[in-house]
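Asks: Quick one: structure below, then a few questions.
The values are calculated or read from the model by the stated rules, or taken from the named source; none is laboratory data. All of these numbers come straight from a predicted model, not from anything done at the bench. We place every Cβ from the backbone using ideal geometry, glycine too, and count neighbours over all the protein chains shown. Surface accessibility is based on the protein's heavy atoms, side chains included, excluding ligands, DNA and RNA. Shrake-Rupley method; radii C 1.70, N 1.55, O 1.52, S 1.80 Å.
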Amino acid sequence: MTLGVQTHEAKREGTGAIEWDAIVIGAGVSGLYQLYRLRELGMKTLVLEKGARVGGTWYWNRYPGARFDSESWTYIYSFSKEVLDEWTWTEHFASQPETERYLNFVADKFDFRRNIEFNSEVVAAHYDEGSRSWNLSLSDGREYRTRFLVTAIGILSEATLPSIKGVETFRGASFHTARWPEEGVDLRGKRVAVIGTGSTGVQVVQEVSKVAGQLTVFQRTANWAAPLHNSKITPEEMQRIRADYPDILARCRETPQCFVHAPDSRSALEVTDQEREAFFEQRYSEPGFGIWYGNFRDILVDREANRLISDFVARKIRERVKDPAIADKLIPKDHGFGTRRLPLETKYFEAFNQPNVELVDVKETPIEEITETGIRTTAGEYELDAIIYATGFNAIIGAFEAIDIRGVGGKSLKEEWSSGPHTFLGFLVAGFPNMLMVMGPHGGLGNFTRFAEFNANWVTELLGYARARGVTRVETTPEAQEEWYHHVIESAAGLLSNEVDSWMTGINKNVEGRSVRRPYRYGGGFPGFKRYCDQVVENGYAGVVFD
Ligand code: NA7
């Protein structure tokens, strides 16, 4: 089992004409909108996309059960009234096929594909100071030259397999969830293993448990999870949503993570026990991230407040899982509620009441080896027909590391970031002129489309500013970068999530060098992020050098 990842000896010298004003890498949510904006600016733009179609995350992650945890109607692009008017969501939390259809609908509408080359994997991007351009090499040997390089490569796109002995030896079917075959996989009646219980593992387990003959879930770290409460959207409801879009989008802009859920202004400690219980109950019974981001204001920063919500959700898990020993294994002991990305679920916990579902705690009985026929733990061997790896991603910087990106003087971005990323607002990197990142490290993170639109707008305005002045070189200064870095660190201070291993703190035990916890995103919320970015612009792009 491999992910099809190869290493390339790509190198390109800066010769020939600069064919493109901008090349965008990635045709996912952010890349498509970036293309729209750059075309509007009149820039000759090409998008290079590794996949065979548009969609990015929503193209690759087609595993059973893949769906939004964000309300569909908050994840929508806001730039086109026509799209808002014409697109009909069928569920409050759309499934992957629906979201992929949506992105294709947008691509059709704006004829995006004429500017996109698919099956185009960029393996190297080298800056050439002489011509102030980027030279790109693709895995199939194609080469391109562009004045500006815009990365729209996602935050969770480099899938990682577990570093377990024997991953390649299994003879049955095996898949990483982010590389699920397009033709689907028939798991009916099969003996299936799922390794991993993050947001993906939770979604896949609840779905596969319905069809598998035997499902064995290999859990290393128990994760908190809360009900999604998904439902269909009726035509009347959709009409109301359309009419409400301006308000919905305005509300998203006001909340830290750009969801409709805003923290309650009260502390969990200042209310009575009954009030607190009733409020937790209410949040637990409502759809979406309300229990995480619409909870008492201190549950993610105050240990005692966090203990109270953790105890509440633990009680819910005990109520829902019949066998107390299994319930106990499913309740996290090493981190508090909401301090990792919260999976939302639909009968996930009830799946463990089914006779065909078994939970294996690999901290108790570690996996020793994946064999030709199954998985061997210290407690015995599991014979399997299929193994599903829901083992996550080399998050946030992984997609950058997968490309040999070299700036001024051949400086490698991977080496530059070997002790963690340093960027200016997540958009620019000192020493890497003319490279702009949409959703880069240390930028804001939350409801993806909301942040991606803001990012792409900022990038577009900067490029528009540069073009209007005949500028051919744009770079941030090391000082501006360091100032932002310190602001990122300060903004993350006090968050309980800093004390926990997760992709949000840059930990991936399957990837060398990803074992030190660091903030990888700006923790100050969207309004703060926007304020800072706006100020930079108001001050004539303070921190950016145009030449
Ligand atoms: P996550 O959240 O990174 O989860 C990966 C899971 O895989 C997690 O439970 C890991 O356990 C587990 N894992 C990884 N390697 C191993 C090995 N070697 N053995 C056992 N278990 C392992 O990725 P997801 O795809 O679920 O979600 C990513 C994001 O996508 C999500 O947050 C949403 O924003 C959408 P661990 O916790 O590290 O012990």
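Asks: Rounded to the nearest Å, what's the spacing between the alpha carbon centres of the range 300-321 and the range 63-123? Just the number, please.
Replies: 35 Å
Asks: Identify all lysines with a Cα-Cα distance to LYS81 below 19 Å; exclude those on the same chain that are fewer than 8 residues away in sequence.
Replies: Filter leaves LYS109.
Asks: Between the range 232-254 and the range 334-368, what is the C-alpha centre distance in whole Å?
Replies: 34 Å
Asks: Does anyone have the angle between helix 478-492 and the longest principal axis of the chain? Alpha-carbon axes, 0 to 90°, nearest 10?
Replies: 20 degrees
Asks: Could you give the accessible area per residue of the range 226-389, probe 1.4 Å, as a whole number in Å²?
Replies: On the way: 7670 Å² over 164 residues.
About 47 Å² of surface per residue is accessible.
Asks: Then there is this: If Lys and Arg each add +1 and Asp and Glu each add -1, what is the summed charge of the other residues whose beta carbon sits under 14 Å from the beta carbon of TYR520?
Replies: Value of the local net charge: +3.
Asks: Taking a ≥ b ≥ c as the square roots of the eigenvalues of the Cα gyration tensor of the chain, is the shape rounded (a/c under 1.5), prolate (a/b larger than b/c) or oblate?
Replies: Verdict is prolate for the chain.
Asks: Using the alpha-carbon atoms, what tilt in degrees (0 to 90, nearest 10) does helix 303-320 show relative to the longest principal axis of the chain?
Replies: For helix 303-320, the angle is close to 50 degrees.
Asks: Still on this structure: What is the local net charge at LEU249, summed over the other residues whose Cβ is closer than 11 Å to its Cβ (Lys, Arg +1; Asp, Glu -1)? Intermediate values should be presented prior to the final figure.
Replies: Numbers: positive: ARG251, ARG253, ARG450; negative: ASP244, ASP247, GLU254, GLU453.
Around LEU249, the surrounding residues sum to -1.
Asks: While we're on this one: So, taking all protein chains as they sit and a 1.4 Å probe, how much accessible area belongs to LYS333, in Å² rounded to tens?
Replies: Accessible area, nearest 10 Å²: 130 Å².
Asks: Kindly work out what percent of the DSSP beta bridges joining two residues of the range 226-389 are antiparallel, to the nearest 5. Present the calculation step by step, with values, prior to reporting the outcome.
Replies: Details: 7 of 10 bridges.
Expressed as a percentage, antiparallel bridges in the range 226-389 total about 70.
Asks: While we're looking at this one, here's another question. Rank these residues by their accessible area, most exposed first, probe 1.4 Å: LEU495, LEU330.
Replies: LEU495, LEU330
Asks: Another one. Out of all DSSP beta bridges in the chain, what portion is antiparallel? Express it as a percent rounded to 5. Please list the in-between numbers first.
Replies: Details: 25 of 64 bridges.
Just about 40 percent of them are antiparallel.
Asks: Considering only protein heavy atoms, with the full assembly of protein chains and a 1.4 angstrom probe, order SER419, SER515 by accessible area, largest first.
Replies: So the residues, ranked largest to smallest area, are SER515, SER419.
Asks: Give the separation of the Cα centroids, the range 477-547 to the range 159-177, in Å.
Replies: Cα centres, the range 477-547 to the range 159-177: 33 Å.
Asks: For the chain, what does -39500 (n - 2.57) per DSSP helix run (n ≥ 4), summed and divided by total residues, give at 222 nm, in deg cm²/dmol to the nearest 500?
Replies: So the calculated ellipticity at 222 nm is -9500 deg cm²/dmol.
Asks: What's the carbon and sulfur percent of the range 185-330's accessible surface, probe 1.4 angstrom, rounded to a whole number?
Replies: 50 percent
Asks: Working from Cα positions, state the angle (0 to 90°, nearest 10) between the long axis of helix 96-109 and the longest principal axis of the chain.
Replies: 20 degrees
Asks: By the scheme Lys and Arg +1, Asp and Glu -1, what is the net charge of all other residues having a beta-carbon under 13 Å from that of ARG531?
Replies: That works out to -1.
Asks: A follow-up question, please. Probe 1.4 Å, all protein chains in place: accessible area of MET504 in Å², nearest 10?
Replies: Here the accessible area works out near 30 Å².
Asks: Work out how much length THR90 to LYS509 would gain on full extension: take 0.36 nm times their residue separation and subtract the Cα-Cα distance, in nm to one decimal.
Replies: Gain on stretching THR90 to LYS509: 147.0 nm.
Asks: Using a 1.4 Å probe, how large is the accessible area of ASP247, given in Å² and rounded to the nearest 10?
Replies: That residue has around 110 Å² of solvent-accessible surface.
Asks: With contacts defined as alpha carbon pairs under 8 Å and 6 or more residues apart, what's the relative contact order of the range 439-547 in percent? Provide the component values of the computation, followed by the final result.
Replies: On the way: 106 pairs, mean separation 42.9, N = 109.
Relative contact order of the range 439-547: 39 percent.
Asks: Oh, and also: Give the shape of the range 9-125 as rounded, prolate or oblate, defined through the alpha-carbon gyration tensor: a ≥ b ≥ c are the square roots of its eigenvalues, a/c under 1.5 means rounded, and otherwise the shape is prolate if a/b is larger than b/c and oblate if not. Show your work: numbers first, answer last.
Replies: Details: a/c = 3.02, a/b = 1.63, b/c = 1.86.
Judged from the Cα gyration tensor, the range 9-125 comes out oblate (a/c at least 1.5, b/c at or above a/b).
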